[in-house]
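Since the structure comes first, as structure tokens, the remarks are kept for the end.
The values are calculated or read from the model by the stated rules, or taken from the named source; none is laboratory data. In this text, all values refer to a predicted model and were calculated from it rather than measured experimentally. Counting neighbours? That spans all protein chains shown, and the Cβs are built from the backbone with ideal geometry, glycine included.
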Amino acid sequence: MRRVGIRMLLALAPLMLAAQFSFAQDAAPGAASDDETAIRTNADKYVEAYNRRDSRTMASMWSPDAILTEPDSNEQFVGRDEIAKHFDYIFAGAEDANLVVTIESIDFVSPNVAIEKGTALVTYSDFPPEETTYSAVHVKRDGKWLLDRVTEEVVPAAPPSHYEELKELEWLVGSWVDSDDQVSIQTKIEWTKNRNFLRRSFAVVIRDQVDMSGMQIIGWDPAEKKIRSWVFDSEGGFSDATWTHKGDKWFIQNNGTLADGRKATSLNILTYLDDDAFSWESVNREVDGELLPNVDKVTVVRAPADEAADAAE
């Protein structure tokens, strides 16, 4: 099935678009001018013709010498007959296309010329939607408003994002601290561009000196359909982990390699307490098959505003 290009469909749209603008020429505030009313009436007819794929009626609403330019190929269709035939070709593969428009502005640059600007969205049942910005020129001839020219540009599609899969961890964004009299673990978590990953930077500070630092990336694995993370530390170690959760608890199964080549595994448990605190513990810790003591549960709190500002610098 031929797919209707958004640029082609916009050639059909301007009269419909004009129906939605509110412009009162030489009229009291809130009142529609005669020209606006005429364009709105034409728009209603145009919408009806579009919905029943009536290319002849739509073509009749263009000026006799109007030019429709196909943006991708720059092919031009001059006059109502050629435009109607071109619409017939488009509609042959557009049974399910649906057009929605949003008017941003409309200006009467002279008594007989109106320029309309806005966006148009075409949706299909089997294809991704397409969106463009447009500028449509309407001319008044023999007392009737007609479409004369249309220019448009495709709106770039929004980049893909895995925010929906990661949003349950959004409360982690910010600066955090876990400290006692000797040691402070400082953490900052932020979104990367397009919210596809959470980036965590951390530093272990002993008596005002950074003893170790590192970075963690948390993201959605679209192949495995699960949350994963990767950690790299300043000592040369690295690990990857899978995340699962039950209620307020997140279970993070780590598999790592230490700087000396030994293999390490552990299960970290992160528990949401409130928006400003969570607990963390590490169990089932092994290095090259040797069982290590668990790391007792600690409470990590959101850093005060001044400390968070210092961490951001």
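Quick look at the numbers
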{"item": "Top-ranked residue in segment 76-102 [being of a type in the set (A, V, I, L, M) and crowded, with 17+ Cβ neighbours inside 10 Å; ranked as nearest to residue 152 (Cα to Cα)]", "result": "101"}
{"item": "Matching residues in segment 143-165 - criterion: being surrounded by 14 or more Cβ atoms within 10 Å (Cβ to Cβ) and modelled with pLDDT under 80", "result": "150, 152"}
{"item": "Subset of segment 212-238 [within 16 Å of residue 255 (Cβ to Cβ) and part of a loop (DSSP other than H, G, I, E, B)]", "result": "224, 237"}
{"item": "Of residues in segment 28-75 being over 14 Å from residue 145 (Cβ atoms) and either touching a Leu at 6+ places or on another chain (Cβ under 7 Å) or not assigned by TED's automatic domain parsing to the domain that holds residue 142 (or both), the one modelled with the highest pLDDT", "result": "58"}
{"item": "Condition met for residue 170 (surrounded by fewer than 14 Cβ atoms within 10 Å (Cβ to Cβ) and modelled with pLDDT of 95 or more)", "result": "yes"}
{"item": "Extreme residue, farthest from residue 113 (Cα to Cα), among residues of segment 54-68 that are within 35 Å of the chain's Cα centre (by Cα) and in contact (Cβ under 8 Å) with a residue 40 or more places away in the chain", "result": "58"}
